[in-house]
Structures are given as structure tokens and as C-alpha cells.
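Single-structure report; data block below.
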Amino acid sequence: MEIVIELALIATVPLLLAVEGELIVQRAGMINLGIEGMMLVAAMMTVLFGVPGAIAGALLIAMLYGIFTIHLRADQIVTGTAINLFALGVTGFVYREWNDRFTRVSEIDSTTTAIAAWIVVPLILAFVLWRTRYGLRLRACGENPEAVRAAGHSVTKLRWSALMIEALLVGVAGADLARTGFAENLTAGRGFIALSIVIFGRWKVKGIVLGSAVFGAAAALQYALQAANRGVQFHLLLAVPYVVTLLILCGIAGRVRAPEALGK
């Protein structure tokens, strides 16, 4: 059972990194629905160009999202949805056309990444968001951007910085996800689960870590049921973590307070 839990914790790392990145941008007042596409592009770039390629791919998608939502003031939900469709189509096309080049796998160390995702990054995020002036201004962008402007600070620059931090974390998440190679729609909805975990965690670091741990426990249950070989169909077992996350999210609906300027 200990091995199953360890595997679940390691398997949850890409999701946790994405959740941590999404927490930053949502605290800054943005809903990056395109995180799914960002992670997918990062995973594809990993098998083509390595970890630096993964981060570069995530940065490219983040810049695309930022141009439309921050500068052109496009609807954040619509932009994120369009980016996801774009990423799914492009990665699928490239994979089918260059299939012979997708033999490389990510060289990222899973243990080091797991320690960083579960311990190091949460501690840094908690300190930056709640113990620094930068974190105070970033959170203010999500609550009252007009007050930030009145204080003489740039909401645009702060939100761009949040997007860059998210791109770094999601780039590493994509690289970790591609440790065994790349396939079409490799992310399998992890970006959307990341969005729900941020809500479950009430936009706090300890909350998102707990939410990711719940998802990891559900994944451990899935692995245990597979190992037990109870005759349950494999595809039904794969749905267990997603169903558990959905039930939890439904249970807290209407009881959370989002940042006031989220999505504006």
C-alpha cells in the first residue's frame, strides 16, 4: 500500500504544479482556463527539445493568453477555451505528422520534482503571497485593481509577472507529465481539475496542497483497485480520481469566496 501511495504522490506532481501556477494568476485576478493547453504544449515540447523547450512552450501560450486578456481585454473564459482547442489541434497535428520524432522522453528527475512540488514551491508561494509587498500587491490585483492603480502600481505588470510564474510551473508540470513520452491529449483534463482544486483550496496554499492530496489519495485508490483485480473495467477505474474531485467540488459549491476582481 505504501508503494501505491508513493506512486500516487509522484503521479499527482504535474497536477500540483499546475494548481500552484493557477493559484498565482487567480490571486492576480485572472482565470486561465487555457492552462490545459499550456500543459499540453509543454509536454509536447519536452519530447522534442527537452525541459527548456517545455518551459518555452508554456511561456509562448502564456504570452498568447496575456496579449488577448490583459492588453486586448478579451473575455478570459473564451480566450482560455480557444487556447485549449488550438493547443489540442496543433499538438495532435504535429504528433501525427512527426510521429517518428516523438521517441524522446523527459529527463526530469521525478523524486526531485516531487519534493519541489509538495514542499519547496508551497513554502515559497506562501511566503511570497502573504509575507512580501509583491504578494500584497498581487493579491490586491485580484480584489481591487483600481486601488492598486491609485497606489501608483501597474496592474498590467503584476498580472504579467503572475503569468510568467505560472508558465514556469506549468512548463515543469508538462515536462514531468512527459516522462514516459507523449500522446495526443496527454493532459487528459488535468488543467480543468487544477481549476477545481484552486476553488476547493479557497485560493490558499495549504488548501490547494490538501486538494491535490485528496486527488492523489483517489489516484492511490484507483491503483489499489487495479491491483486487487476485482473485475471492474479499467476505464471505470481511471475515472475514480475525477469523480472524487467532482463530488468534493459539488459539496463546497456556494460556500467559497473568490477574489472580488477574478475574471475582470
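The values are calculated or read from the model by the stated rules, or taken from the named source; none is laboratory data. Keep in mind it's a predicted model, so treat the numbers as computed, not measured. We place every Cβ from the backbone using ideal geometry, glycine too, and count neighbours over all the protein chains shown.
Some values worked out for this structure:
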item	result
Residue that is surrounded by 13 or more Cβ atoms within 10 Å (Cβ to Cβ), modelled with pLDDT of 70 or more and assigned to a loop (DSSP other than H, G, I, E, B), where the choices are GLY263, GLY207	GLY263
Evaluation of ALA140 against (1) of a type in the set (Gly, Ala, Ser); (2) surrounded by fewer than 21 Cβ atoms within 10 Å (Cβ to Cβ); (3) modelled with pLDDT of 95 or more (one fails), failing number	(2)
Segment 61-78: number of residues that are out of contact with any helix residue (DSSP H, G or I) (no Cβ under 7 Å at 6 or more places or on another chain) and either in a helix (DSSP H, G or I) or not basic (Lys, Arg) (or both)	7
Residue check for GLU22: crowded, with 23+ Cβ neighbours inside 10 Å and either part of a helix (DSSP H, G or I) or aromatic (Phe, Trp, Tyr) (or both)	yes
Residue satisfying all of: in segment 149-195; surrounded by fewer than 21 Cβ atoms within 10 Å (Cβ to Cβ) and polar (S, T, N, Q); farthest from LEU9 (Cα to Cα) among these	SER154
